[in-house]
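Step one of this worksheet: look at the structure below.
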Amino acid sequence: MFRILPKDEGFFDLFEHMAATLVEAATRLDEFLTTYTDLANRADQIHNIEHSGDNLTREAISKLHRTFITPFDRDALHDLTCRLDDVLDRIDEAAARMVLYRIPNPTEDARLMAKVLVKAATKIQETLPLLRDMKQKQLILNRCLDIQALEAEGDRIERHGLAALFEGSLEAIEIIKWKDVYADLEEAMDRCADVANVIESIVIRHA
Amino acid sequence: MFRILPKDEGFFDLFEHMAATLVEAATRLDEFLTTYTDLANRADQIHNIEHSGDNLTREAISKLHRTFITPFDRDALHDLTCRLDDVLDRIDEAAARMVLYRIPNPTEDARLMAKVLVKAATKIQETLPLLRDMKQKQLILNRCLDIQALEAEGDRIERHGLAALFEGSLEAIEIIKWKDVYADLEEAMDRCADVANVIESIVIRHA
Amino acid sequence: MFRILPKDEGFFDLFEHMAATLVEAATRLDEFLTTYTDLANRADQIHNIEHSGDNLTREAISKLHRTFITPFDRDALHDLTCRLDDVLDRIDEAAARMVLYRIPNPTEDARLMAKVLVKAATKIQETLPLLRDMKQKQLILNRCLDIQALEAEGDRIERHGLAALFEGSLEAIEIIKWKDVYADLEEAMDRCADVANVIESIVIRHA
């Protein structure tokens, strides 16, 4: 048995900081959709959060480059960093797109998807600190399953949303716009499942 | 030279079981498109197959976590598990979407794509057992090329299908629906190519 | 400290050849969009370039399989090969799609995206040779950041292009077509960022 992570626990601080950033962005997206007022400002706020996430990503990559750890672990940490950043990008994109497309009102399904996203981000935030000592591997794997189940829930809501688009009397152009927004939200959930996959893979490698 | 896989050959049983599940799902999708009757029931059957694939995936991941093998190989096996699961998800999604979108008739191109998918799934099923002893590496790599060639064939059919959508007199909304179905079928083929990539990578790592 | 790459420097020749192929394809796509004449022939030329890229990819994979190097590095080189091939595929797809969809005139945003793609391909071409001796790690990481910044620039142009589609008086069917072309161009840029990620990961593993 070997320690999987470097003594320098600064990495954990960075990952946990990224997870907190993720929860904040998801929460702001939920508010954006719930209130649906002051959209340009709110989208800018989300973009600023995404930007601070970029800085954390760059810091983590630079730290990986400078710190001595085993190459294999380094690789998993690089993956984890990139996947967390992917989720943030998608959240930013969803908000920006609703402004860009001048969407007048959010659908209930979009709101529900944002709420599932907050749950998944929170679950990621609760799970990452468990990697610090790896004492509760089964618990970590169970949390990964929870995140994957949330992703499946997001898919079900998206399907419902899509069916509703086609069953209504929407113009084709409005359908095109909404499909893109749903795709952004669903992709954000997919990227959360990717984060869970990387965590799962870290636990499995060090079983 | 070292054995790449654990003595516990249960992993191969699981992967081969997953491949059989994949062939069954692809075959059912082909029937779904050929007969195009009793759609809701047939889509449910495909969903049940996908669900049994999820259970195999979970079993494989739990086994990876509990079994002693080298970390590196563990990682490749985790990848292989996830990529096989991805193909099943896409097949399920294609059938579900045709029901959800109330598509009245399948196109000939959709039928052709499903047939290519059956071929790719069958090729995966024939290739996985060769990983058991790794004695025929060149044969495995050739089969991976075959799967990648099938993926390219799927792309060509999709392009033909897309051109036909725009050359016809379809309403924009019908075009939107069909593009999603073609995208599901093409993604299923892409994920088969990903499976081939992982197999290729396992062979290359242990050259 | 260990050498990360095999003595047989033929791998570098292959990667650099692939990067040159990539720059050529991107340059031809830029010309395709700038002149916008003789489209079918120009798309065929791009397809031939993509095809020669496929041959290089196959050669690299076969070489990886035959050459003795450490398994870990082999894995990274396999990744790099596949990601370079992905970019070429997307460039080919963008040109083929514009012919297939009989798009009468390119937009200014599509032209700008192709120019960013040429920049990213050129940056990849300039960066790969630095992997030969790994003496300038910080420079390599900086170039990866440059490629990621170009990808973000491509995203901004795509957003502008999308907004313009919806603000104009285009028919839904024309919007659908253009969204696909923009998606091809943006995906090509995304795959360039993936190449940068793999290069980053190679440098980080061997810090």
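The values are calculated or read from the model by the stated rules, or taken from the named source; none is laboratory data. Predicted model, so just to flag it, every value in this text is computed and none were measured. With ideal geometry, Cβ positions are generated from the backbone for all residues, glycine too; neighbour counts draw on all protein chains shown. Accessible surface areas use protein heavy atoms only, side chains included; no ligands, DNA or RNA. Shrake-Rupley method; radii C 1.70, N 1.55, O 1.52, S 1.80 Å.
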query: From the list C:LEU64, C:LEU77, C:LEU14, which residue is more than 12 Å from every other protein chain (Cβ to nearest Cβ) and either open to solvent by less than 40 Å² (accessible area, probe 1.4 Å) or assigned to a helix (DSSP H, G or I) (or both)?
result: C:LEU14
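Sort through C:LEU162, C:LEU84, C:LEU145 and tell me the only one that's among the aliphatic types (A, V, I, L, M) and open to solvent by 60 Å² or more (accessible area, probe 1.4 Å).
Working: C:LEU162 fails: open to solvent by 60 Å² or more (accessible area, probe 1.4 Å); C:LEU84 fails: open to solvent by 60 Å² or more (accessible area, probe 1.4 Å).
Result: C:LEU145 is the single residue among C:LEU162, C:LEU84, C:LEU145 that is among the aliphatic types (A, V, I, L, M) and open to solvent by 60 Å² or more (accessible area, probe 1.4 Å).
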query: For A:PRO104, all conditions in the list (1) in a helix (DSSP H, G or I); (2) closer than 29 Å to A:THR34 by Cβ; (3) at pLDDT below 95; (4) not small (Gly, Ala, Ser) hold save one; what is the number of the exception?
result: (1)
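With the requirement that a residue be among the acidic types (Asp, Glu), closer than 15 Å to C:LYS177 by Cα and more than 9 Å from chain C (Cβ to nearest Cβ), what does segment B:148-170 give you? Give the derivation first.
Of all residues in segment B:148-170, those among the acidic types (Asp, Glu) come to B:151, B:153, B:155, B:158, B:167.
This time we only want the ones that are closer than 15 Å to C:LYS177 by Cα, so: B:158, B:167.
Of everything in segment B:148-170, just one residue is among the acidic types (Asp, Glu), closer than 15 Å to C:LYS177 by Cα and more than 9 Å from chain C (Cβ to nearest Cβ), namely B:GLU158.
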query: For residues in segment C:94-113 being within 17 Å of the chain's Cα centre (by Cα) and open to solvent by 40 Å² or more (accessible area, probe 1.4 Å), which is farthest from the other protein chains (Cβ to nearest Cβ)?
result: C:ARG111
task: Please specify each residue of segment A:152-207 satisfying the condition of being among the acidic types (Asp, Glu) and assigned to a helix (DSSP H, G or I).
output: A:GLU153, A:ASP155, A:GLU158, A:GLU167, A:GLU174, A:ASP180, A:ASP184, A:GLU186, A:GLU187, A:ASP190, A:ASP194, A:GLU200
query: Of the residues in segment B:126-142, how many are open to solvent by 70 Å² or more (accessible area, probe 1.4 Å) and in a helix (DSSP H, G or I)?
result: 3
message: For segment C:115-123, check the following and say yes or no: at least one residue is assigned to a helix (DSSP H, G or I), under 21 Å from A:ILE176 (Cβ atoms) and open to solvent by 50 Å² or more (accessible area, probe 1.4 Å).
response: no
